[in-house]
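Here the structure comes first, spelled out in C-alpha cells, and everything after it is commentary.
The values are calculated or read from the model by the stated rules, or taken from the named source; none is laboratory data. Given the structure is predicted, the values throughout are model-derived calculations rather than measurements. Cβ placement follows ideal geometry from the backbone for every residue including glycine, while neighbour counts extend to all protein chains displayed. We work out accessible area using only protein heavy atoms, side chains counted, and drop any ligands, DNA or RNA first. Shrake-Rupley method; radii C 1.70, N 1.55, O 1.52, S 1.80 Å.
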Amino acid sequence: MFSHETTRGKEEKVARIVIAGNWKMHKTIGESVVFASNLRETLADQADLPEIIVAPPFTALHAVSAVISGSSIALAAQNIHEADRGAFTGEISGLMAKEAGCSHVIIGHSERRTLFGETNERINRKLLTALAAGLNPIFCVGETLPEREENRIEEVIEKQLKEGLNNLDDSVISRILVAYEPVWAIGTGKTASPAQAQEVHDFIRSWTAGKYGKDAAEETVILYGGSVTPQNISALMSQPDINGALVGGASLQVESFVEIVKYKSNQGV
Ligand code: PEP
C-alpha cells in the first residue's frame with residue numbers, strides 16, 4: 001500500500017523502547033498508589049527494561065509521583081488544556097501537570113478527538129503548550145475503520161501529523177513520541193496485525209524524515225496502541241519501526257502490564 005522508500009535499514013532499531021500505560025478514567029487515588037508501589041517493587045532490580053510511563057487520572061498524579069520518585073517509571077497526564085491558566089472550569093494546564101510530577105502528557109488520544117471534539121488545530125495548540133511547559137508529548141494519531149476501508153490511511157495520518165505539528169520548532173521533534181493508534185483497534189480486542197501496524201509506522205517515519213530530516217526520523221519513538229496484550233506484544237515489537245506501545249486495558253493490572261514491559265524475557269517462552 002505504501003510505495004515510499006523506507007528511511008533506514010530494517011534490521012536496526014532506534015535504541016529507545018517505551019511502554020506507556022493509559023489508565024483512562026480508572027483507579028481511585030488509593031488504587032493508583034497500590035498499583036504504582038506494586039509496579040515499582042516488581043520491576044526493581046530487573047535489567048534491560050524499556051522506558052516505562054504510567055498515565056493515571058489527574059486526581060492520582062501527585063500521589064503516584066511520590067510513589068515512583070527516584071525509580072525509572074515516568075508519569076504522564078492524559079490531557080491538558082492549551083492555555084496556561086484562566087477561566088476554563090474543569091480543565092488543568094500543562095504547568096499544573098508538570099508541577100504534579102509529570103514528565104509526559106498524552107495529546108490527541110482518539111477518545112479526546114471523538115468524544116470531546118478535539119480538532120487537529122486544538123491538538124496542535126496543546127502540543128505547543130505541553131512543550132513550553134516542559135512536558136514531552138505522546139502525540140496520538142490514527143485512522144477510523146471507514147477511513148481504512150476507503151484506503152485513506154496515509155491521507156488521514158499525514159493531515160494529523162502536518163496540522164498537529166504545525167509551527168513546531170524543528171529542534172523539539174526529539175521530545176515528541178508519536179503513538180499510532182488505529183481507532184478501530186482501541187479497546188475493541190481487534191489489534192492491527194504486526195504488518196498492518198508496521199506499514200503505518202513506516203509511513204510516519206518516512207513523513208518525519210521528509211519534514212525533519214533522516215536523523216530526527218531515526219530517533220523518533222513511534223509507539224503502537226490498540227488492544228496490546230502480553231500475547232501480541234512480542235510480534236508487534238519484532239517490527240522494525242515499532243518502538244514500543246501505548247497500552248490501555250492491559251495496563252490496568254500490574255501482572256499484565258509487567259508481562260508487556262518484560263516482553264523481551266518472555267520471548268520464546
Ligand atoms: C489506549 O487507550 O490508548 C488504548 C490503546 O487502549 P487499549 O489498549 O485498551 O486498546
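Would you mind telling me the share, in percent, of accessible area of the stretch 102-179 contributed by carbon and sulfur at probe 1.4 angstrom?
For the stretch 102-179, the apolar C and S fraction of the accessible surface comes to 49 percent.
Kindly report, to the nearest 10 Å², the accessible surface of residue 224 as traced by a 1.4 Å probe over protein heavy atoms only.
Its heavy atoms expose roughly 0 Å² to the probe.
Among 220, 71, 33, whose Cα sits farthest toward the positive end of the charge dipole of the stretch 10-267 (+1 at Cβ of Lys/Arg, -1 at Cβ of Asp/Glu, about the Cα centre)?
Selected residue: 33.
What translational diffusion coefficient, in µm²/s and rounded to a whole number, does the Stokes-Einstein relation yield for the stretch 121-269 at 25 °C and a viscosity of 0.890 mPa s, taking the hydrodynamic radius as the Kirkwood radius over Cα pairs?
Roughly 155 µm²/s, to the nearest whole number.
In whole Hz, with x marking every Gly and Pro, tabulate ³J(HN,Hα) for the stretch 86-103 from phi via Karplus 6.51 cos²θ - 1.76 cosθ + 1.60, θ = phi - 60°.
Karplus values, whole Hz, x for Gly and Pro: x, 7, 10, 3, x, 10, 10, 9, x, 5, 5, 5, 4, 5, 6, x, 6, 10.
For the chain, modelled as a GNM with alpha-carbon contacts under 10 angstrom, which of 197, 130, 47 fluctuates the most?
47
About the Cα centre of the chain, what is the dipole size in debye to 20, counting +1 per Lys and Arg Cβ and -1 per Asp and Glu Cβ, all else neutral?
The calculation lands at about 400 debye.
How much mean residue ellipticity at 222 nm does the chain get from its helices, if each DSSP H run of length 4 or more adds -39500 (n - 2.57) and you divide by all residues, to the nearest 500 deg cm²/dmol?
Counting only the DSSP helices, I get -11000 deg cm²/dmol.
Identify, among 96, 245, 114, the residue whose Cα sits farthest towards the positive end of the charge dipole of the stretch 10-267, taking +1 on the Cβ of Lys and Arg and -1 on the Cβ of Asp and Glu, with the dipole about the Cα centre.
96
Kindly sort 234, 93 by accessible area of their heavy atoms, largest first, with the probe set to 1.4 Å.
Sorted descending by solvent-accessible area, the residues read 234, 93.
If you roll a 1.4 Å probe over the heavy atoms of the protein chains, what accessible area per residue do you get for the stretch 10-267, in Å²?
About 43 Å² of surface per residue is accessible.
If packing is taken as the average number of other Cβ atoms within 10 Å across a peptide's residues, how do 97-110, 33-46 rank, most packed first?
My ranking of the peptides, most packed first, is 97-110, 33-46.
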